[in-house]
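Novice: What follows is a structure written as structure tokens; I'll ask about it next.
Computed from the coordinates by the stated procedures, all read-outs in this text should not be read as laboratory data. Just so it is clear, the structure is predicted and the values come from calculations on it, not from any experiment. Cβ placement follows ideal geometry from the backbone for every residue including glycine, while neighbour counts extend to all protein chains displayed.
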Amino acid sequence: MVDRTVTREVAPLLFAAMGIFVVTVVMGILNGTDLVDLPYGTLLAHVHSGTLGWITLSIFAGAVWIFGADRMPRLLRDGAIASVVLYVAAFWTDLTDLRPVAGTLMLAAIVWFAVWAFNARLSRVLTVPRLSMLLASINLVLGGVLGVILGLALAGAIDVSDAIAGAHPAMMVVGYLILAGVALDEQLLVGSESARATRAGRWQAYLFFLAGIALAVGILLDVQPLLGLNLLGEVIGIAIVFVRLRRAIAGAGWSAASPARHGATSILWLLPALGLLGYLIVRYIDNIEAAPRGLLLALDHSTFIGILTNAILGLLLVVTATRRATWAWADQLVFWGTNVGLAGFVIGLIAETAAIKRVSTPIMGASILLGLLTAAVRLRQAAAVEPGAAEVGAPTG
């Protein structure tokens, strides 16, 4: 990739994302090792601090890189950070009346991000990562709307179908996160200036986009054929990803600590995520709510950690490429500890074996925390290079 700089205004997004994720990981370690039985509100705070605080704020920063933009509006950046913090606090304190307020503020930031993304795409070549990020921003808006409606329903302000409680996470996980994760992955593997989107690349992006909508609508309206349509779209979309990026995945340099290795690993985690999603749909198509909690958690963590966290850790390696000599020893520990720990965690959930889960959780959690600390130290050094900019290198190797 060609080296470039990212304005220092974007660095707070990454610092905030990492800071919030520290809280998420600590809660996850306590809960995963069964040391603490977290209240329901705290569990929701754990989920939303991960999906919105860690993942979405990082995706906002990653979008600046993908679109080759010089900046993101400061009010959008700061407003998104503040909204996430308020939203997580509303869940943590279990204040149902505060959730719709915080959710509305978060939705406003999400809508602004989508508008910014479409404006940033103007006059630029439409690559597959850019198209995927644009479509992901649409599904993020739809998922945010469902979240606000759900918050209003829980607060007793409106009366809606209970199915919205399933449609909201379905849209956020399948419709939004997978699309955004694949966008980051391809950028990490192919480069900062990918070729113009091919027909296969467009099909890939639109299949993921429509599959997410089909799943959410199918759950919301109880239309079972749409659940099968979602599965078909996901299968074809992932097949296209592997065909298109097979050489980049094979040549990712698996022994070396690099952004490309994280991108390739993120793509590989699509397989267990798809397998779990397919099993849940086929086995529990008549009543998704009857699905075992362990399988749902295995799907969530395969997506949140396997696909998205790997992609974001790769992004952090790109952002701090010129400072990668600092704590270079940590990169291998972070990569292997995160993925081996996650594999054990998912197996423990599927097999309903608490011992495996308890051993794997601290391995995964400690590795992620080391990765966050390493990235924060490097990013701090890079941001200090110039008074107005954070130094960013973008080599994949």
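Novice: With each label point set 7 Å from Cα along the Cα-Cβ vector, what nm distance links residue 206 and residue 223?
Specialist: That separation, rounded to one decimal, is 1.8 nm.
Novice: Another one. Applying the Karplus parametrisation 6.51 cos²θ - 1.76 cosθ + 1.60 with θ = phi - 60° to the phi angles of region 357-363, what ³J(HN,Hα) value in whole Hz is obtained for each residue in order, glycine and proline being reported as x?
Specialist: Per residue, the Karplus-derived 3J(HN,Hα) values read 4, 5, 6, 6, 4, x, 5 Hz.
Novice: Further question: Let me check against my output: what whole-number percent is the relative contact order of the chain, with C-alpha pairs under 8 Å and at least 6 apart? Walk me through the intermediate numbers first.
Specialist: Details: 629 pairs, mean separation 79.7, N = 397.
Contact order relative to length: 20 percent.
Novice: Quick one: divide the alpha-carbon radius of gyration of region 194-315 by 2.2 N^0.38 Å and tell me what you get. List each step's numbers first, then the result.
Specialist: On the way: Rg = 15.6 Å, N = 122, 2.2 N^0.38 = 13.7 Å.
Cα-based Rg divided by the globular estimate yields 1.14.
Novice: Counting other C-beta atoms within 10 Å, which of 368, 285 has the fewest, and how do the rest follow? Can you show the working numbers first?
Specialist: Details: 368 26, 285 14.
Exposure proxy ranking, most exposed first: 285, 368.
Novice: In bins 5 Å wide, starting from 0, what share of all Cα pairs of region 217-283 does each bin hold, as a percent?
Specialist: 3, 16, 21, 18, 14, 11, 8, 6, 3, 0
Novice: If you place +1 on the Cβ of every Lys and Arg and -1 on the Cβ of every Asp and Glu, how big does the dipole about the Cα centre of region 6-390 come out, in debye to the nearest 20? Please list the in-between numbers first.
Specialist: Numbers: 23 positive and 20 negative charges, 293 e Å.
With only Lys, Arg, Asp and Glu charged at Cβ, the dipole is about 1400 debye.
Novice: What number, in percent, do you get for the relative contact order of region 46-198 if the mean sequence gap of Cα pairs under 8 Å and at least 6 apart is divided by its residue count?
Specialist: Across region 46-198, relative contact order equals 27 percent.
Novice: Distances over 26 Å make up what percent of all Cα-Cα pairs in the chain?
Specialist: Tail of the P(r) past 26 Å holds 49 percent of the pairs.
Novice: Percent relative contact order of region 156-228, based on C-alpha pairs within less than 8 angstrom and at least six residues apart? Could you put the intermediate results ahead of the total?
Specialist: Details: 50 pairs, mean separation 35.7, N = 73.
So the answer I get is 49 percent.
Novice: If you add up the charges near residue 257, with Lys and Arg at +1 and Asp and Glu at -1, over every other residue whose beta carbon is less than 10 angstrom from its beta carbon, what do you get?
Specialist: On the way: positive: 261, 324; negative: 331.
For residues surrounding residue 257, the net value is +1.
Novice: Quick one: 329, 65, 254, fewest Cβ neighbours within 10 Å first, how do they rank?
Specialist: Details: 329 8, 65 22, 254 13.
Going from least to most buried by this count: 329, 254, 65.
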